[in-house]
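Rule-based calculations on the coordinates, nothing more; no lab input. Here the structure is a predicted model, which is why all the values come from computation and not from measurement. Backbone-built Cβ (ideal geometry, glycine too); neighbour counts: all protein chains shown.
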Amino acid sequence: MANPIIPESFRLDHQRVRAPYVRLAGVKETPRGDKIEKYDLRLAQPNREAIGTGALHTLEHLLATQMRGHLEGIVDLSPMGCRTGFYLVVLGEPGPEKVLQAFRTTLLEVAEHQGAVPGVSELECGNYRDHDLAGARRWAKAVLEQGLHLQETIEIGEAL
């Protein structure tokens, strides 16, 4: 049984996963019986590459706003501190396939995005000067060219 003190992401074998991918990282049940799914939306290969902060910030704004049009129940979409992807928290159980499709569709929109990025003003954003739309578009295009897939969780020490 996994140690409940160690976060799930610290038990993931980052050397054996292959980005870009969508991975169901966990399911929680609320006291009222609602299910909450957490996803790992990985764009960059861990420990080999990282998304620049401006591009990551812009991706966060675009994904957080546009993905809600393709997937119901989104509670939060947040960048990973390692700058290799995002965590997505969804109320309900859409399942990995539906999340994969919504993520792919949203990345297509990001790759083609023109004009203003939502929420980029001093009033709306805590670091509004640190954005890179061209970089966000490049990452979206690169992920789509590589091809997204579903990744199973591989825990550290787990046999092949």
ask   = Under 20 Å Cα-Cα from K28, which aspartates and glutamates qualify once same-chain neighbours fewer than 8 residues away are excluded?
value = E8, E37, D40, E72, D76, E93, E97, E152, E155
key: Formal net charge of residues neighbouring E124 (Cβ-Cβ distance under 15 Å; K, R +1; D, E -1)   = -2
request  = Return the long-range amide H neighbours of I154 (sequence gap of 5 or more, or a different chain), with a cut-off of under 5 Å between placed amide H atoms.
outcome  = D13
request  = Answer rounded, prolate or oblate for the range 1-105, using the Cα gyration tensor with square roots of eigenvalues a ≥ b ≥ c: rounded when a/c is under 1.5, else prolate when a/b is larger than b/c, else oblate.
outcome  = oblate
task = Excluding R11 itself, calculate the net charge of residues whose Cβ lies under 15 Å from the Cβ of R11, where each Lys or Arg counts +1 and each Asp or Glu counts -1.
result = -3
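Between beta-carbons, use under 10 Å as the cut-off and find the net charge around T84, counting Lys and Arg +1, Asp and Glu -1.
On the way: positive: R42, R48, R83; negative: D40, E49.
Every neighbour counted, the sum reads +1.
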